[in-house]
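To start, the structure under review is shown below, and the notes come after it.
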């Protein structure tokens with residue numbers, strides 16, 4: 001594996017570390033140090049041992065892992081929601097997508113992955129510490145070039161783009177920002193919102209009813225995990 | 001809009017039709033006929049009327065709508081599952097993905113969308129009628145060039161590819177096909193499975209335990225929809 | 001079986017009829033008539049045939065079946081909620097419980113069952129047609145003697161009882177009735193509410209915060225049914 | 001309040017203690033000691049202070065609280081399931097119910113509450129330590145007189161009762177005990193089962209298909225709790 005490659009290192013207990021390969025460096029884990037050179041040699045699917053002898057598995061990080069591994073200071077969206085948003089908003093290679101607020105850049109990272117090198121993500125954040133955190137998080141996974149970060153409060157400034165294919169609002173009071181959406185997107189574009197409380201959903205629906213929005217739906221996504229024992233399978 | 005463009009036409013009652021624009025042709029709906037030329041003129045976000053006067057909304061179909069609109073003779077995967085699969089398997093532009101069985105090509109269509117023009121989907125189906133149905137469904141949405149369709153029973157033949165980035169099995173008895181996975185994928189690649197019954201999940205888990213599979217998880221995804229009335233919001 | 005006994009009759013397709021045994025009468029079903037005398041002879045667990053030859057199963061109706069079989073003109077509470085309410089409110093033999101509104105008397109019926117002959121249910125309804133419907137529904141299952149029905153709008157009149165062990169409000173705007181609760185119940189009594197929309201829950205919580213209510217919780221109960229095929233068990 | 005009365009004492013942080021009033025004794029909590037005499041004086045709905053000054057609320061324990069407060073060495077059934085079982089099995093004042101295994105007596109306690117003084121619960125347990133624990137738990141809440149405890153392995157011995165109104169099996173392999181059910185219950189009686197894994201459900205369904213069981217259903221019950229903030233209501 002070449003320098004700069006992202007690798008996922010999984011401890012015997014399932015603890016996960018995402019790192020960029022840098023020859024000559026070390027990874028510090030709870031079970032001891034691991035040489036980057038050994039990781040590069042083992043390759044994806046391989047096993048390396050920490051200097052204390054603990055076996056670590058090397059995998060190529062999926063988008064799922066990258067999202068989960070984001071350094072966060074904010075609540076992030078989860079893969080169960082992000083996956084649905086991708087399909088529902090029609091995000092795909094070549095898309096131009098607007099998003100706000102950036103937060104820790106978990107969704108930004110996913111959007112940047114799926115628009116590919118021919119697409120673009122325009123993301124807005126009004127708090128400087130998150131703007132910088134997102135910058136680091138995007139650089140860390142090598143996706144900065146697909147993202148245009150704005151430090152601004154869109155409720156006041158609106159968006160600088162026009163004709164975007166899709167738009168996602170993750171702000172506290174999205175109803176106050178709705179007027180900025182039509183000028184920024186292509187006619188008939190899909191928009192998404194993430195809101196934790198039912199009060200916010202009611203407020204947003206009230207705002208959306210003013211138009212020009214149609215085909216409105218509200219839903220939540222639940223994941224039920226099962227214990228993976230074949231003879232004692234259970235939720 | 002140009003000929004060949006996919007359009008989504010939504011009736012006043014929410015019924016949805018996906019069509020390819022063909023100048024001079026008509027769309028037949030439950031509420032009367034609509035001229036393709038008028039659709040092209042109205043553009044995305046516009047409104048056209050059937051010859052009986054009913055207003056239809058014109059939108060650009062998202063991946064979500066394309067999946068929902070697939071002509072089906074088989075049970076299809078739903079967007080709630082497909083979205084999660086995309087993230088979890090790390091599907092992204094440039095990926096080479098193997099899938100079986102093709103069925104009505106609902107998942108194939110989503111995979112083909114997200115691997116982009118630089119990626120490839122290899123899909124296997126052992127029943128000729130589904131092979132042909134999938135062929136039509138993929139052609140209809142303009143994604144045939146990103147998909148390599150195989151008419152084969154992979155339990156017997158295995159896969160013809162090597163080094164794939166991800167693999168998805170949607171067959172009745174996946175445990176009988178597990179031996180074909182390692183030769184087909186790159187070390188450390190992610191694999192997914194879709195199974196409707198708990199008995200099948202148990203059988204699969206038994207098979208996976210034989211190795212070389214690790215990091216196994218089982219889950220189901222539920223969607224709760226809400227009635228979108230701001231003052232009477234409810235599931 | 002004696003005259004006056006409640007019986008549950010189940011058709012081959014699972015359709016359910018609850019009836020009171022009356023010697024010499026007949027039950028009319030979609031598959032023909034059944035003689036009450038034959039039902040009495042067959043007894044619980046037995047099978048009788050309609051005059052067209054269709055086999056019907058005779059069972060003793062459980063509370064669950066009685067609730068489900070209530071003639072309704074209103075939305076009723078479901079057994080999943082009622083069961084939880086019984087435990088949470090501490091309904092048990094000998095209890096004195098207040099309830100409003102009566103509606104179709106689904107919950108009333110359950111409460112009357114569980115307070116037994118030593119307890120009492122006081123139920124209020126402001127609409128006369130529901131008052132009468134409830135009267136019929138309670139008489140039909142032989143529980144009238146445990147219930148005291150009031151035709152009144154409690155928001156205006158309040159409750160006539162004092163020292164009740166528990167109280168349940170199933171009205172549109174329970175926050176406007178909260179002031180009537182403390183005089184009607186014993187100190188520390190438990191109260192329940194049923195509300196379909198999240199807006200109503202917010203309004204109620206606002207009201208409850210004014211006191212003297214404590215130990216407040218809000219929840220919803222979901223039932224997931226499984227298809228009962230042993231080799232293809234699935235939700 | 002009189003000696004022997006069960007009281008629920010709730011700490012400022014919501015920690016719950018169930019106790020029997022014994023004049024002259026003290027309750028030991030994490031926040032200091034409370035005099036039983038002060039509890040008796042405060043009464044239900046009242047407040048007492050520990051010797052360190054912390055305010056504790058006094059309530060009458062509901063069935064829900066008693067179940068939750070059971071001293072347990074086994075997994076217990078939860079109120080969400082127990083409530084449903086009561087309605088579905090038609091448990092009511094005067095019923096004779098058989099149950100096995102007793103375990104920590106959580107369900108036994110609920111059944112004993114609802115059959116009242118005119119009913120009876122027959123409960124079987126094969127492990128002596130649970131038999132004794134259940135004995136203590138039932139005595140503690142004053143319900144021993146409604147319960148007949150058996151120390152026996154019903155798979156071998158079967159049940160000693162006949163004509164029971166309902167029966168509940170909470171054992172690992174209920175299919176091996178099914179033959180003992182028909183002799184023990186009245187014709188058409190309802191039976192319930194609790195099983196944590198899907199494999200067990202499949203095995204049981206296979207057993208039930210051998211007859212004479214009909215009207216079979218399988219389900220699970222989920223509770224979604226909400227955070228009770230009126231302006232930020234959320235699951």
### Task
Give me D:227, D:88 ranked fewest to most by other Cβ atoms within 10 Å of their Cβ, as a rough exposure proxy.
D:227, D:88
### Task
Within segment A:25-45, which residues have the backbone N less than 11 Å from the label spot 7 Å out from residue A:13 along Cα→beta-carbon, could you tell me?
A:30-31
### Task
Just need the Rg to Rh number for the protein assembly as shown, please, alpha carbons only, Kirkwood Rh.
1.00
### Query
Bin by bin, in steps of 10 Å, what percent of the Cα pairs in segment D:104-235 do you find, going until the bin that has the longest distance?
11, 35, 32, 15, 6, 1
### Query
Which whole-number percentage describes the relative contact order of segment D:6-61, with Cα contacts under 8 Å and a sequence gap of 6 or more?
38 percent
### Query
Counting partner chain Cβ atoms within 10 Å of every residue's Cβ in B:91-103, what's the average?
2
### Summary
Per-residue Cβ contact counts at 10 Å, fewest first, order A:115, B:229 as B:229, A:115
### Query
Could you list log10 I(q)/I(0) for segment A:6-61 at q = 0.14, 0.23, 0.25 Å⁻¹, which the Debye formula gives when each Cα is one point scatterer?
-0.27, -0.79, -0.96
### Task
Pop a pseudo-label 7 angstrom from the Cα along the beta-carbon direction at both residue B:206 and residue B:186 and give the gap in nm to one decimal.
3.4 nm
### Task
Please work out whether segment B:76-178 counts as rounded, prolate or oblate from its C-alpha gyration tensor, where a ≥ b ≥ c are the square roots of the eigenvalues and a/c under 1.5 means rounded, while otherwise a/b larger than b/c means prolate and anything else oblate?
rounded
### Message
Please compute the contact order of chain B in relative form: average sequence separation of alpha-carbon pairs under 8 Å and at least six residues apart, divided by the residue count, as a percent.
### Response
13 percent
### Peptide B:210-216, shielding by other chains (average Cβ, 10 Å cutoff)
2
### Summary
Computed over segment C:121-164, the relative contact order (Cα-Cα under 8 Å, seq sep at least six) in percent reads 54 percent
### Task
For segment D:141-203 and segment C:162-222, compute the distance between their C-alpha centroids and round to whole Å.
38 Å
### Message
Restricting things to Cα coordinates, could you compute the convex hull volume per residue of chain D in Å³?
### Response
150 Å³
### Task
Calculate I(q)/I(0) for segment D:50-122 by the Debye formula, one identical point scatterer on each C-alpha and no solvent, and give its log10 at q = 0.16, 0.22 Å⁻¹ to two decimals.
-0.60, -0.98
### Query
How much FRET efficiency would the formula 1/(1 + (r/R0)^6) give for residue C:37 and residue D:162, where r is the Cβ-Cβ distance and R0 is 45 Å, rounded to 0.05?
0.95
## Note on the structure
At the level of C-alpha centres, the distance separating segment A:87-122 and segment D:1-36, in angstrom, is 58 Å
### Query
Considering every residue in C:195-207, what mean count of other chain Cβ atoms within 10 Å of its Cβ is obtained?
6
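Just so you know, all these numbers are worked out from the coordinates, no wet-lab data involved. Keep in mind that this is a model prediction, so the values were computed, not measured. Glycine gets a Cβ as well: all are built from the backbone with ideal geometry, and neighbour counts include every protein chain shown.
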